[in-house]
Amino acid sequence: MHWVDFDDFAFWRLDVADVYFVGGFGAMDWLTVSGYEAARPDPLADAAPGIIEHMNRDHADALVLYARMLGGLAAQAAEMVAVDRLGFKLRVRAADGLHGCRIAFPREAASAEQCRAVLIEMLADLRSRPR
């Protein structure tokens, strides 16, 4: 750690008093300090890139169905752009342009295997509904 001796280097301790989360356009809010301190990484964080890649490569038809029936969009195409333990986000192409929509899981998915099972259950339910 040769950089510790640099004149412009210092260790700091922060006592968190307020937390304002900004997660992107329209995704921002105040958090409680206790909520921030108790936060843990999403259990799908490491698996998410693989889940997204697999869904976009092999299940484009399912993503369109999710967008149409759960997102309420007249989707021509849909791409999964994010997934976490509570659901996933789609970028949807429709006749009137691009849209984003968040689809909630019916229950928490704490592993890649649970995420797969929930996605399959959701798709089976959608396919069984009259259209």
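The values are calculated or read from the model by the stated rules, or taken from the named source; none is laboratory data. All of these numbers come straight from a predicted model, not from anything done at the bench. So basically every Cβ, Gly included, is an ideal-geometry build from the backbone, and we count neighbours across all protein chains shown.
All conditions but one from (1) exposed (fewer than 14 other Cβ atoms within 10 Å of the Cβ); (2) in contact (Cβ under 8 Å) with a residue 12 or more places away in the chain; (3) in a strand (DSSP E or B) apply to R127; the one that does not is (3). The set of residues in region 1-22 that are more than 13 Å from E37 (Cβ to Cβ), more than 26 Å from the chain's Cα centre (by Cα) and not aliphatic (A, V, I, L, M) comprises H2, W3, D5, F6, D7, D8, F9, F11, W12, R13. Among helices (runs of 4 or more DSSP H) entirely within region 1-88, having at least 1 residues that are among the acidic types (D, E) and at pLDDT 95 or above singles out 48-58, 60-69.
Per-residue answers, yes or no, for (1) in contact with a helix residue (DSSP H, G or I) (Cβ under 7 Å, 6 or more places away or on another chain); (2) of a type in the set (G, A, S):
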{"position": "A45", "(1), (2)": "no, yes"}
{"position": "V64", "(1), (2)": "no, no"}
{"position": "M80", "(1), (2)": "yes, no"}
{"position": "C115", "(1), (2)": "yes, no"}
{"position": "D125", "(1), (2)": "no, no"}
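Close contacts from region 24-36, counting a first residue that is within 13 Å of R102 (Cβ to Cβ) and a second that is modelled with pLDDT under 90 and in a strand (DSSP E or B), with Cβ to Cβ under 9 Å and a gap of 6+ residues or different chains, come to A27/F21.
One line per residue, one yes/no per condition, for (1) more than 16 Å from the chain's Cα centre (by Cα); (2) surrounded by 15 or more Cβ atoms within 10 Å (Cβ to Cβ):
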position	(1), (2)
H59	yes, yes
A62	yes, yes
R68	yes, yes
A74	yes, no
K89	no, yes
V92	no, yes
H99	no, yes
A104	no, no
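When Y20, Y66 are checked against the criterion of being touching a residue at least 24 places away in the same chain (Cβ under 8 Å) and aromatic (F, W, Y), Y66 stands alone in meeting it.
For A38, are the conditions met, namely being exposed (fewer than 12 other Cβ atoms within 10 Å of the Cβ), under 30 Å from D15 (Cβ atoms) and not hydroxyl-bearing (S, T, Y)?
The answer is yes for A38.
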